[in-house]
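So the structure is just underneath, and the comments pick up after that.
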Ligand code: EPZ
């Protein structure tokens, strides 16, 4: 049954919140376990729907998995993992499903996958993955349903990514780690914290990986990669969303687990707005004391350490009610401004020109019935509801559930007024008709 959030205008959020493990680090960490034979244990794993999907993907190949919700520990035993075919239905549930391709090629020399799903942010091709697997000696044939890859012997390669793609860097690096006897260089690699978390895991497994300036990763393939125990890094995107919630409600918040040095540009922008940010020793722990007179700031998203594209939508909400004009440019994805339409419905003064949004701050937003289009847009609409006059009904929270684990409970404990309800039947039928009867499958 679909659910909705009903959000009332909330007082200033106050208190402390626990930042869970990073979804985008946990997803690729789980995929990497295919490289090993045996039982691994991952700590600080958020139990969001995409994580459940990735667990189910490995189980569909023969692995066994158990999750301790109390301890947030995921145990995966890959001993019996014996299949290299991933069903198109599972592949279509999320973007991260493509990340099992490299590990399957190492384990079996074969991988039968399909085009991955994921948030609708633009075309999101996988050409950087496929054409560089070819460079590594992989043979790939495709039809409308399947991508069929096999390799008898990996070859050394100097891979140059035309764009520092997170997923392509991760996929190619996992294949290279197990490509015994060959050396792979990935030039113009992505070096997001989630990629560095994966490098730490692969090194624990026994991989030989070094990073060289300006952004080159060199991997010497090894014969065997062993099961590991690892703690997933805290989620900079959840932390950023919580800080924005405190900022826009004029509150105070302390996040003991947040890694400030993974959020530098984002924190700089909050400070430029006039909010007081305090960082703990060694950069662990972030606090905010919100200003009552926020100034609009402009920013451009980009590869790490630029402003993260996954905080663009939530940060846009803060600009909607700041003093002055903000120009936000989205450079990572072609179509990541879909949340503008719903923010305009709530009274925001936003003009879109190509991949730029020009926001004129307004005194307040107004509650409305809105629908989330992707994970981070769902967060933006929830945040907007916290400061809107009147109730805001957010539909499409399946996206929220894909990307966040109990975040609405954390916000409620801080003073947010968020209620969950089943989507009324008539709205369900209405939305199905709008989509011409096509109900998009997403986990
Ligand atoms: C990862 O997606 C994240 N997802 C995204 O988070 C994040 O926004 C993105 O990296 C950028 O940081 C996961 O880690 C599961 P990319 P990914 O490859 O790997 C183009 C969220 O909300 N491209 O760095 O798919 C692509 O279309 C999600 O948690 C190609 O053209 O991102 C995009 O324009 C959303 N060909 C750009 O590169 C390719 O083969 C960056 O994509 C691959 C990518």
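Data for the structure
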| read-out | value |
| --- | --- |
| Hits in region 409-424 (condition: assigned to a helix (DSSP H, G or I) and more than 17 Å from residue 388 (Cα to Cα)) | 409, 410, 413 |
| In region 389-419, the residues that are within 20 Å of residue 46 (Cα to Cα) and away from the ligand (no atom under 16 Å from the Cβ) | 406, 408, 409, 410, 411, 412, 413, 414 |
| Residue list for region 242-295, restricted to those being surrounded by fewer than 16 Cβ atoms within 10 Å (Cβ to Cβ), over 19 Å from the mean Cα position of the chain (by Cα) and in contact (Cβ under 8 Å) with a residue 24 or more places away in the chain | 256, 272, 283, 284, 289, 292, 293, 295 |
| Residue 97 being crowded, with 23+ Cβ neighbours inside 10 Å, closer than 25 Å to residue 239 by Cβ and within 16 Å of the ligand (Cβ to nearest atom) | no |
| Residue count, region 158-168 (criterion: within 13 Å of the ligand (Cβ to nearest atom) and touching a strand residue (DSSP E or B) at 6+ places or on another chain (Cβ under 6 Å)) | 1 |
| Selected residue [part of a strand (DSSP E or B), modelled with pLDDT of 95 or more and surrounded by fewer than 23 Cβ atoms within 10 Å (Cβ to Cβ)] from 359, 393 | 393 |
| Qualifying residue in region 73-87 (condition: crowded, with 23+ Cβ neighbours inside 10 Å, within 19 Å of residue 175 (Cα to Cα) and within 16 Å of the ligand (Cβ to nearest atom)) | yes |
| Criterion (more than 16 Å from the ligand (Cβ to nearest atom), touching a residue at least 24 places away in the same chain (Cβ under 8 Å) and surrounded by fewer than 16 Cβ atoms within 10 Å (Cβ to Cβ)) met by exactly one of 184, 144, 155, 216 | 155 |
| Boolean, residue 66 is more than 16 Å from the ligand (Cβ to nearest atom), within 20 Å of residue 401 (Cα to Cα) and either free of Cβ contacts under 8 Å to residues at least 24 places away in the same chain or not in a loop (DSSP other than H, G, I, E, B) (or both) | yes |
| Per-region count, region 21-47, residues over 13 Å from the mean Cα position of the chain (by Cα), over 19 Å from residue 100 (Cβ atoms) and either within 16 Å of the ligand (Cβ to nearest atom) or surrounded by 20 or more Cβ atoms within 10 Å (Cβ to Cβ) (or both) | 2 |
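For (1) free of Cβ contacts under 8 Å to residues at least 12 places away in the same chain; (2) more than 13 Å from the ligand (Cβ to nearest atom); (3) surrounded by fewer than 16 Cβ atoms within 10 Å (Cβ to Cβ); (4) under 21 Å from residue 242 (Cα atoms), each residue gets a yes or a no:
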site	(1), (2), (3), (4)
335	no, no, yes, no
340	no, yes, no, yes
343	no, yes, no, yes
349	no, yes, yes, no
355	no, no, no, no
363	no, yes, yes, no
368	no, yes, no, no
375	no, no, no, yes
378	no, no, no, yes
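The values are calculated or read from the model by the stated rules, or taken from the named source; none is laboratory data. All figures in this text were calculated on a predicted structure; none of them were measured in a lab. All Cβ positions, even for glycine, are placed from backbone atoms using ideal geometry, and neighbour counts span all protein chains on display.
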